[in-house]
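Just below is one structure, and these are the notes that go with it.
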Amino acid sequence: MGVQGRTITAVAFIIMMSIVLGACTAKAQLPILREAPDFALTNQDGLEVQLSDFRGKVVIMDFIYTSCPDVCGRLNNKLKTVRDQLEVGQKQDLVLISVSFDPEVDTPEVLKQYATERGFDASTWQFLTGTAEQIRQVTDDYGVQYELVEDNHEGEGSHQHIHAFSHNIVVVLIDWDGMIRKTYGHVFFPDTEMIDDITSLLGKGHKEA
Ligand SMILES: [Cu+2]
């Protein structure tokens, strides 16, 4: 091979490597994990809501109960903080859903009050409840585990009914097409991780709704 041939080989090699490196540094696409099981539940306004109503949007969904003393509130505060940091256009394409696994206490009225008191914007955030069977089905479908460990009716004549559950944490990121793209199993993920994940989906330009 002559000098010219070697130069061409070297140039070709450099071009090839830069393509490979470019591909490696490009943002990784979230894989499609599985189809998000659909459901029909009741929201904080007493209206029926189906997951499939939100095709064309990106959905972040978690599972909570309103009398949780700690983790559920922290988790929803985190989702609120993440949402607050998105650009206006991105916010419009994102729907937050919190499904209660405590339908006995978390009626639509309780959910509405909870959202209002904590500043969770109910216009873009669905708080869902249902019958015991409906909730059992949805939580089974999404791998939510929970167990009632305390059942408190506070004082005589008080309407306060407090449950305590032992439960795992399930947060799912669902794309515009109803596919689960990521699950978060704890509350300690950095805001930036979820923002990047949402942005990677919203950057695709799928806006049918
Ligand atoms: Cu909790």
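So, ASP53, is that one within 16 Å of the ligand (Cβ to nearest atom), acidic (Asp, Glu) and not in a loop (DSSP other than H, G, I, E, B) or not?
No, not satisfied.
Kindly evaluate ASP121 against the criterion of being in contact (Cβ under 8 Å) with a residue 60 or more places away in the chain, assigned to a loop (DSSP other than H, G, I, E, B) and surrounded by fewer than 18 Cβ atoms within 10 Å (Cβ to Cβ).
no
For the range 51-71: of the residues being within 14 Å of THR129 (Cβ to Cβ) and free of Cβ contacts under 8 Å to residues at least 60 places away in the same chain, which is nearest to the chain's Cα centre (by Cα)?
Within the range 51-71, the match that is nearest to the chain's Cα centre (by Cα) is ILE64.
Per-residue answers, yes or no, for (1) part of a strand (DSSP E or B); (2) over 26 Å from MET179 (Cα atoms):
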| position | (1), (2) |
| --- | --- |
| ASN77 | no, no |
| VAL82 | no, no |
| LYS91 | no, no |
| LEU96 | yes, no |
| VAL110 | no, yes |
| TYR114 | no, yes |
| ILE135 | no, no |
| ASN152 | yes, yes |
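Looking at (1) crowded, with 19+ Cβ neighbours inside 10 Å; (2) over 22 Å from HIS161 (Cβ atoms), which is the only condition GLY143 fails?
(1)
For SER67, which of the numbered conditions (1) loosely packed, with under 14 Cβ neighbours inside 10 Å; (2) modelled with pLDDT under 95; (3) within 16 Å of the ligand (Cβ to nearest atom) fails to hold?
(1)
Going by the conditions given, is LEU21 at pLDDT 95 or above, of a type in the set (A, V, I, L, M) and part of a helix (DSSP H, G or I)?
Against the criterion (at pLDDT 95 or above, of a type in the set (A, V, I, L, M) and part of a helix (DSSP H, G or I)), LEU21 does not qualify.
Inside the range 72-93, can you point out the residues that are surrounded by fewer than 14 Cβ atoms within 10 Å (Cβ to Cβ) and within 12 Å of the ligand (Cβ to nearest atom)?
Within the range 72-93, just ARG74 meets the criteria.
Quick check on my filter: what residues within the range 182-200 are in a helix (DSSP H, G or I) and either within 15 Å of the ligand (Cβ to nearest atom) or touching a residue at least 12 places away in the same chain (Cβ under 8 Å) (or both)?
Across the range 182-200, the qualifying residues are ASP191, MET194, ILE195, ASP196, ASP197, ILE198, THR199, SER200.
Evaluate the range 138-151: report whether one residue or more is modelled with pLDDT under 95 and not hydrophobic (A, V, I, L, M, F, W, C).
yes
I'm trying to understand the selection: among the residues of the range 98-108, which are within 16 Å of the ligand (Cβ to nearest atom) and within 27 Å of GLY178 (Cβ to Cβ)?
Within the range 98-108, SER98, VAL99, SER100, PHE101, ASP102, PRO103, ASP106 qualify.
Search the range 159-181 for residues being closer than 11 Å to VAL58 by Cβ and in contact with a Leu (Cβ under 6 Å, 6 or more places away or on another chain), and hand back the single one that is nearest to the ligand (Cβ to nearest atom).
Residue satisfying both the conditions and the ranking: ARG181.
The values are calculated or read from the model by the stated rules, or taken from the named source; none is laboratory data. Everything numeric here is computed off the predicted structure, so don't read it as measured data. Neighbour counts run over all protein chains shown; Cβ positions are idealised from the backbone, glycine included.
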